[in-house]
Amino acid sequence: MSLILRTNVASAAHDVTPTWPLDSFIAINPLAGKESAPFDAVELAGAAKTRTIEAYLADLASGRIREEDLELALHERVPELAGRTTIGSHDISLVRLASLDMQLSQPGQRISHLTEISDPIDRRMSTWIAAFLTRDPLWTMPHHHEGFYRSWKKLARFDRSLPKNARRKISELPDVPDSALAHALAHFAIAGDAVTPALRRELAALPGWVAHIKWRAGKQGDIDLTGYLAVRFSLRSILDAPPEPEEAPHSDSTGDDELWVRAERVAEQVTGDAAHREDVALVARVLAVHGTREHPFTWQKAYELHYRNSLIGSLEHPEPSHESAEVQVVMCIDPRSEGMRRHLESDATVATVGFAGFFGVPIRFSSYYARGAINSLPALLEPRHHVTEQPIKPELIEKNVSSRRLRDAMRSALHSAESTTASPFALAEIAGLFYGAASTLRTFAPALSGRITQLSSQQISTLDSTVTVADAFTLEERASLADTAIRMMGLTSFAPLIVLTGHASESMNNLYQSALDCGACGGNPGAANARSAVAIFNDVDVRSILQRRGISIPSDCVFVAAEHNTVTDAISILDGGQIPPSHTARVKKFSELQRGAAHSLLRERAHDLPGASARSSVARIRRRAHDWSEVYPELGLAGNAAMIIGPREITRGIDLSRRVFLHSYSPELDASGSALESIMTAPMVVAQWINHQYYFSTINPETLGAGTKTIHNAIGVTGVLSGHEGDLRRGLPWQSVGVGADAFHEPMRLAVLIQAPLVTVGQIVSRNQVLRDLLDNDWITLTAREYSDAPWYRHTSVGWKKCTTTTTTTTTTTTTTTTVEGPRSWTASPR
């Protein structure tokens with residue numbers, strides 16, 4: 001092993017963002033490796049970072065962007081434009097001149113597109129990687145256990161698609177991947193400082209596969225990027241296909257002639273006539289500080305400022321809070337929870353709290369009947385505690401598990417027969433009639449099919465069980481988890497009933513279902529974490545320790561676990577058999593209340609769901625969960641645009657259109673700022689990942705998204721291809737962000753709003769490099785205020801600056817709610 005070569009590989013792969021497999025799909029910024037550079041300076045071959053100029057001009061015409069937004073964006077991005085001048089007889093601000101220039105100029109912009117694979121090396125690599133990573137149960141790739149390079153070397157010499165001379169050369173290659181890579185680099189005379197750039201170019205050829213291999217190298221270890229590059233360069237050497245040379249840097253400089261033409265246009269617009277040469281020269285000096293390359297980023301800033309200022313304006317009129325809530329519902333910060341929280345709080349006895357959906361309990365979880373386990377925790381964390389289920393009646397375990405395993409074995413056998421190479425034909429002969437009837441039912445009566453499937457599953461009942469939190473965590477650890485969670489949630493009072501509500505999604509025939517489950521729980525449902533947290537909070541020993549730490553949970557306060565289905569909007573109470581009799585009536589009342597809230601939310605969501613309308617019945621909307629032809633079971637987190645960290649009182653009663661991550665926080669419980677620091681360095685970073693995944697999947701659906709679902713082919717649970725070959729798709733499918741040719745997700749970088757002492761927020765940013773990168777490099781924005789009536793300040797690289805808002809009329813106020821303008825209007829005015 002050459003340490004220098006391994007260092008070269010690591011350096012070349014530094015900016016590669018790992019991609020998780022489909023069964024634990026984690027939202028991630030596809031450009032996370034480049035966050036140490038300014039957003040507008042990142043080079044992104046074949047993809048765009050902003051929308052087209054034409055799209056922004058259309059927004060200006062429609063009022064989605066106003067001229068005030070544009071001038072405010074110019075003030076923020078180009079401080080040199082402060083001041084005024086005189087053109088002809090007209091006194092005019094410099095930002096106005098720059099704004100006119102942007103409105104009159106329409107430079108072309110690169111549009112992202114998925115290019116067909118033209119390099120034969122890429123096609124061969126795609127085939128070999130797919131074969132290696134897809135574990136066909138009956139036809140595993142020979143020599144798989146020896147690693148990717150060695151298994152390829154032993155098999156490729158029999159590949160008849162390779163020339164005979166090339167197959168002969170394979171036998172002469174070194175046996176070790178490091179040696180093979182070094183041998184190939186020497187063959188092409190690539191040495192010294194040229195090695196890392198050459199490796200980086202080869203990694204960029206199939207970015208989807210490379211991103212997944214980087215994840216797999218860290219989690220499973222059966223393949224790594226050195227082995228990948230060894231095969232790739234070896235193929236080049238035996239086929240005599242040298243790597244492409246490095247392209248010359250692309251120049252975006254604006255020539256003097258173009259600048260003069262722009263200045264002439266602007267000067268004529270100002271004076272209304274042919275401008276004097278001196279005036280044109282003056283305008284040219286102003287426009288020179290804001291070249292056409294900057295225009296898309298200023299447009300994007302204006303687009304985002306319009307929304308941010310609308311959001312800030314809406315926070316001026318929250319609904320008064322209720323001091324005597326009978327039920328507190330803790331839900332995930334996921335924007336989909338915002339709608340449910342708002343509708344639940346229409347009842348004055350309910351108060352809601354926003355907290356990361358793993359409830360501060362990071363675990364690896366196994367159900368009592370499962371053969372495996374899942375990591376139910378944010379991707380930022382590593383599991384250190386394994387929690388399992390313990391049935392309350394252990395004597396029933398053996399029979400229950402046997403029944404489940406028999407059913408699972410039949411399903412597994414059926415799945416294997418469907419998916420392996422030779423058996424589907426025989427399966428069709430044997431079970432074709434049954435499959436035909438089942439398919440007919442699924443197609444024409446999905447709701448009935450879903451009920452039948454549900455009933456058949458219930459024939460093997462789930463045993464009442466507890467979770468083994470007390471075995472996985474010490475008492476002191478459990479108390480610390482509870483202490484931290486309460487301080488991060490800002491819980492200053494405790495209602496008699498507190499419902500910890502995880503969330504999950506439900507859909508059929510959907511390869512991206514885990515993308516709709518809880519991102520805080522590793523792309524898994526949040527029920528296990530809710531149950532574990534409830535066990536901790538109801539523990540009398542834990543409460544005793546909390547009492548000594550100044551947190552007093554009343555003895556009549558009971559925590560209950562629940563799960564929110566984000567497709568049907570039903571909230572199911574978990575572990576109902578363990579609820580004490582003193583609280584069963586409260587839980588029953590809450591269940592009835594949430595059913596009404598769910599119906600209201602479903603009717604609200606129907607306005608946005610493709611194929612639905614306000615007239616759609618609740619049953620029809622819920623049927624999407626069982627309809628295998630439905631490509632829009634829900635809209636997931638489409639529309640997400642902001643995160644608010646602060647007391648619920650500042651957002652209660654405000655319709656945020658399910659666009660905002662809401663994390664509760666009370667500075668009064670966090671004198672040291674440690675809870676706020678945890679929120680800013682974990683949930684806020686995860687929200688940024690989600691936001692940028694939606695952002696880039698919308699702007700670059702073919703390169704940083706996954707394209708349309710309709711032509712996806714699954715590679716096991718590894719990922720999908722579009723068609724039968726090519727690169728592994730990254731990001732979200734188009735059906736997560738758009739309809740037809742129009743996007744319903746508005747691509748905006750996350751706007752973070754915090755209510756907390758500015759000094760504390762500033763200190764947290766200063767000592768965390770990740771936050772400094774995100775904020776100073778404009779990947780996200782941060783606006784904060786000290787308390788509810790205080791002015792807002794925006795964070796800049798040189799400190800806080802008082803906010804200048806331009807938008808105050810884009811909210812509508814009713815007697816009970818304030819509505820921030822919605823994210824999409826694809827049915828009315830496609831963008």
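The values are calculated or read from the model by the stated rules, or taken from the named source; none is laboratory data. From a predicted model like this one, the values you see are computed outputs, not experimental measurements. Glycine gets a Cβ as well: all are built from the backbone with ideal geometry, and neighbour counts include every protein chain shown. SASA here: full protein model, heavy atoms, side chains in, ligands and nucleic acids out. Shrake-Rupley method; radii C 1.70, N 1.55, O 1.52, S 1.80 Å.
Some observations on this one:
- Unmet criterion (only one of (1) of a type in the set (G, A, S); (2) in a helix (DSSP H, G or I); (3) surrounded by 17 or more Cβ atoms within 10 Å (Cβ to Cβ)) for S616: (2)
- Total residues in segment 63-108, condition within 29 Å of the chain's Cα centre (by Cα) and surrounded by fewer than 15 Cβ atoms within 10 Å (Cβ to Cβ): 1
- No other residue among I579, I573, I553 is under 19 Å from I498 (Cβ atoms), open to solvent by 30 Å² or more (accessible area, probe 1.4 Å) and among the β-branched types (V, I, T) apart from I573.
- Taking segment 677-788 as the region of interest, the helices (runs of 4 or more DSSP H) fully inside it that hold 2 or more residues being touching a His at 6+ places or on another chain (Cβ under 8 Å), closer than 26 Å to F39 by Cβ and open to solvent by 10 Å² or more (accessible area, probe 1.4 Å) are 683-699.
- L5 meets the conditions (1) part of a helix (DSSP H, G or I); (2) out of contact with any Asp or Glu (no Cβ under 7 Å at 6 or more places or on another chain) in every case but one. The failed one is (2).
- Positions within segment 190-220 being of a type in the set (D, E, K, R) and either in contact with a strand residue (DSSP E or B) (Cβ under 7 Å, 6 or more places away or on another chain) or open to solvent by less than 30 Å² (accessible area, probe 1.4 Å) (or both), in sequence order: E202, R216
- Residues that are in contact with a helix residue (DSSP H, G or I) (Cβ under 9 Å, 6 or more places away or on another chain), hydrophobic (A, V, I, L, M, F, W, C) and surrounded by fewer than 21 Cβ atoms within 10 Å (Cβ to Cβ) within segment 659-676 comprise just one, L669.
- Residue count, segment 555-583 (criterion: within 30 Å of A612 (Cβ to Cβ) and part of a loop (DSSP other than H, G, I, E, B)): 6
- Within segment 124-152, the residues that satisfy the criterion of being assigned to a helix (DSSP H, G or I) and either more than 26 Å from P21 (Cβ to Cβ) or of a type in the set (G, A, S) (or both) are S126, A130, A131, S151.
- Long-range neighbours under 8 Å by Cβ, at least six apart or interchain, first residue within 14 Å of L229 (Cβ to Cβ) and modelled with pLDDT of 95 or more within segment 165-178, second open to solvent by 40 Å² or more (accessible area, probe 1.4 Å) and among the hydroxyl-bearing types (S, T, Y): D178/S2
- Members of segment 383-430 that are at pLDDT below 70 and outside any helix (DSSP H, G or I): T420, T421, A422, S423
- Look at segment 530-552: where a residue is more than 14 Å from A485 (Cα to Cα) and a partner is open to solvent by 30 Å² or more (accessible area, probe 1.4 Å), sitting 6+ places away or on another chain with Cβ atoms under 7 Å, you get R531/L574; R531/D575; D541/L475.
- Leading residue by the ranking (farthest from H183 (Cα to Cα)) among those in segment 124-152 that are without any contact (Cβ under 8 Å) to a residue 24 or more places away in the chain and touching a helix residue (DSSP H, G or I) at 6+ places or on another chain (Cβ under 6 Å): M141
- Residue within segment 593-601 that is more than 18 Å from T388 (Cα to Cα), in contact with an Asp or Glu (Cβ under 8 Å, 6 or more places away or on another chain) and not in a helix (DSSP H, G or I) present: no
- Conditions (1) in a helix (DSSP H, G or I); (2) open to solvent by 40 Å² or more (accessible area, probe 1.4 Å); (3) in contact (Cβ under 8 Å) with a residue 60 or more places away in the chain: number failed by E258: (3)
Quick grid of which residues meet (1) farther than 10 Å from S465 by Cβ; (2) in contact (Cβ under 8 Å) with a residue 40 or more places away in the chain; (3) surrounded by fewer than 20 Cβ atoms within 10 Å (Cβ to Cβ); (4) among the hydroxyl-bearing types (S, T, Y):
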{"residue": "Y368", "(1), (2), (3), (4)": "no, yes, yes, yes"}
{"residue": "P378", "(1), (2), (3), (4)": "yes, yes, no, no"}
{"residue": "Q390", "(1), (2), (3), (4)": "no, yes, yes, no"}
{"residue": "I397", "(1), (2), (3), (4)": "no, yes, yes, no"}
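- The set of residues in segment 93-116 that are part of a loop (DSSP other than H, G, I, E, B), polar (S, T, N, Q) and modelled with pLDDT of 55 or more comprises S105, Q106.
- Residue satisfying condition, being at pLDDT below 95, within 30 Å of F444 (Cβ to Cβ), crowded, with 23+ Cβ neighbours inside 10 Å and not acidic (D, E), within set H626, H607: H626
- Filter result (surrounded by fewer than 23 Cβ atoms within 10 Å (Cβ to Cβ) and part of a loop (DSSP other than H, G, I, E, B)) within segment 640-658: P647, R652, G653, S657
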